[in-house]
Amino acid sequence: MTLILLDLVLTAVLVGADQLLKLWASQVLAPVGSLPLIPHVIELRFILNRGAAFSMLNGRQALLIAVTSAALAVVAWMLFAHRGRGMLYRAALVLILGGGIGNLIDRALNGEVVDYLNLLFMNFAVFNFADICVCVGVGLLILQILLEERSGQKQEKENKTGRDNGTA
């Protein structure tokens, strides 16, 4: 029960931080358009995104809201149904959930998502804190799966070696 509460609090903190950053971007960046953060590396640029990542499905808000809601319901189920999994697994799902909810709030209330981080050293989409949470969470989830796969292969090899030596 304590872990569930911790996961909920951490998710709420991520959503709150995302919403505060987007509010700041709307109030401070919108009037000026952009501000340098690290010259020639990253700037703060106010953009309203009516689509998903890289503006895919631009203007298809009902579909984006439905798909995002369904995906977040699955992530929430995974988080609470598999409580016994390790910290890496839980952290990954909390990040995905917090970031996904943050962008879902924007999309549902405003029909668009506030983006404000622009990488200047490469041609990349403008993004936000929620996007970072989702991407890091997905990366951690992939890492967790790879580690479990490696651990399973190692265990299987040890079991096979034990059987071959007649010790199993």
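The values are calculated or read from the model by the stated rules, or taken from the named source; none is laboratory data. Note that this is a predicted model, so its numbers are computed, not measured. Here the Cβ is made from the backbone with ideal geometry for all residues, glycine too, and neighbour counts use every protein chain on show.
What the table shows:
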read-out: Yes/no for Pro39 being modelled with pLDDT under 95, out of contact with any strand residue (DSSP E or B) (no Cβ under 7 Å at 6 or more places or on another chain) and under 25 Å from Asn110 (Cα atoms); value: no
read-out: Residue, nearest to Leu95 (Cα to Cα), within segment 16-34, restricted to residues that are surrounded by 13 or more Cβ atoms within 10 Å (Cβ to Cβ) and free of Cβ contacts under 8 Å to residues at least 24 places away in the same chain; value: Trp24
read-out: Close pairs (9 angstrom Cβ cut-off, 6 or more residues apart or separate chains): at negative phi and of a type outside the set (Gly, Ala, Ser) in segment 149-167, modelled with pLDDT of 70 or more and surrounded by 10 or more Cβ atoms within 10 Å (Cβ to Cβ) anywhere; value: Thr167/Thr161
read-out: So Asn49, is it free of Cβ contacts under 8 Å to residues at least 40 places away in the same chain, among the polar types (S, T, N, Q) and on the phi < 0 side of the Ramachandran plot; value: no
read-out: Every residue from segment 35-72 that is of a type outside the set (S, T, N, Q), surrounded by 13 or more Cβ atoms within 10 Å (Cβ to Cβ) and closer than 14 Å to Asn103 by Cβ; value: Ile47, Leu48, Arg50, Gly51, Ala52, Ala53, Leu57, Leu64, Ile65, Val67, Ala71, Leu72
